[in-house]
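The values are calculated or read from the model by the stated rules, or taken from the named source; none is laboratory data. Treat the numbers as computed from the prediction; the structure is a model and nothing was measured. Using ideal geometry, Cβ is built from the backbone for each residue, glycine included, and neighbour counts are taken over all protein chains shown. Accessible surface areas use protein heavy atoms only, side chains included; no ligands, DNA or RNA. Shrake-Rupley method; radii C 1.70, N 1.55, O 1.52, S 1.80 Å.
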Amino acid sequence: MSSAGAFTAIADPAAVIERALERGMSIATAESLTAGAVVARLVDVPGASAVIAGGAACYTEVAKTRVLGVPAAELERNGAVTAEVAAAMAQGARELYDADLAVSTTGVAGPGPDARGIAAGTVWIGLARRDGETSTTLLHLDGDRSAVRTATVAAAITELRAALD
């Protein structure tokens, strides 16, 4: 398990915005676990409006399907806390906002496991690029609900920064 605070020291929203500006790239988010907190952290940076295309907070499975195009059958079969759903959410946001790069967050903040028995602190972050490439990262975080959500925001921003290098 990673400490929920492990990512906060390296997350740098200003570096994400600066690098996206330098590369002429736009960014979108698809957020479940973080409910819009990633895009909020990014738009706190002056100049973010030049690169942030938008963010979708899709907490329910219905919203993930209707807004982001996540296959309902995938959600019904395996739930929302999977690599496949994280990738589909990111791709859906990338397409929805016509962005060059999108990040997604899905997971279990707690307290306790979700209805499928997935442990609190289990988080998937997805990335989707305009060229169709997607990737996912699995995190196992310690801490209470707030700490897990905060660490997920930081990890998503860190993933965006790495993707822009």
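Among the polar types (S, T, N, Q) and touching a Leu at 6+ places or on another chain (Cβ under 8 Å): is that true of residue 105 in this structure? Criteria met by residue 105. Entry remark, the stretch 21-43: residues being over 20 Å from residue 104 (Cβ atoms) and among the acidic types (Asp, Glu) number 1 in total. Filtering the stretch 72-90 to residues that are open to solvent by 10 Å² or more (accessible area, probe 1.4 Å) and either within 15 Å of residue 55 (Cβ to Cβ) or touching a Phe, Trp or Tyr at 6+ places or on another chain (Cβ under 8 Å) (or both) leaves 81, 82, 83.
Each residue in the stretch 117-141 was checked for being more than 24 Å from residue 18 (Cα to Cα) and open to solvent by less than 70 Å² (accessible area, probe 1.4 Å), and 10 of them qualify.
Among the residues of the stretch 130-165, those identified as out of contact with any strand residue (DSSP E or B) (no Cβ under 8 Å at 6 or more places or on another chain), closer than 15 Å to residue 33 by Cα and of a type in the set (Ser, Thr, Tyr) are 146, 150. Going through (1) surrounded by fewer than 16 Cβ atoms within 10 Å (Cβ to Cβ); (2) over 16 Å from residue 12 (Cα atoms) one by one, residue 165 falls short only on (2). I need a count of the residues in the stretch 97-107 that are closer than 16 Å to residue 37 by Cβ and open to solvent by less than 10 Å² (accessible area, probe 1.4 Å). So the answer is 5. Looking across the stretch 113-165, the residues that are in contact with a helix residue (DSSP H, G or I) (Cβ under 6 Å, 6 or more places away or on another chain) and in a loop (DSSP other than H, G, I, E, B) come down to 121, 164. Among residues of the stretch 30-51 being free of Cβ contacts under 8 Å to residues at least 60 places away in the same chain and of a type in the set (Val, Ile, Thr), the one that is most open to solvent (accessible area, probe 1.4 Å) is 43.
Of all residues in the stretch 94-117, those that are over 20 Å from residue 164 (Cα atoms) and touching a residue at least 24 places away in the same chain (Cβ under 8 Å) have Cβ atoms under 8 Å from Cβ atoms of residues that are in a loop (DSSP other than H, G, I, E, B) and among the hydroxyl-bearing types (Ser, Thr, Tyr), 6 or more apart or on another chain, in 106/32; 106/82; 107/32.
Residues are listed down the side, and each one gets a yes or a no for (1) surrounded by 15 or more Cβ atoms within 10 Å (Cβ to Cβ); (2) among the acidic types (Asp, Glu); (3) under 10 Å from the mean Cα position of the chain (by Cα):
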position: 53; (1), (2), (3): yes, no, no
position: 67; (1), (2), (3): yes, no, no
position: 95; (1), (2), (3): yes, yes, no
position: 115; (1), (2), (3): no, no, no
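If you go through the stretch 57-86 and pick out every residue that is touching a Ser or Thr at 6+ places or on another chain (Cβ under 7 Å) and closer than 20 Å to residue 120 by Cα, you end up with 8.
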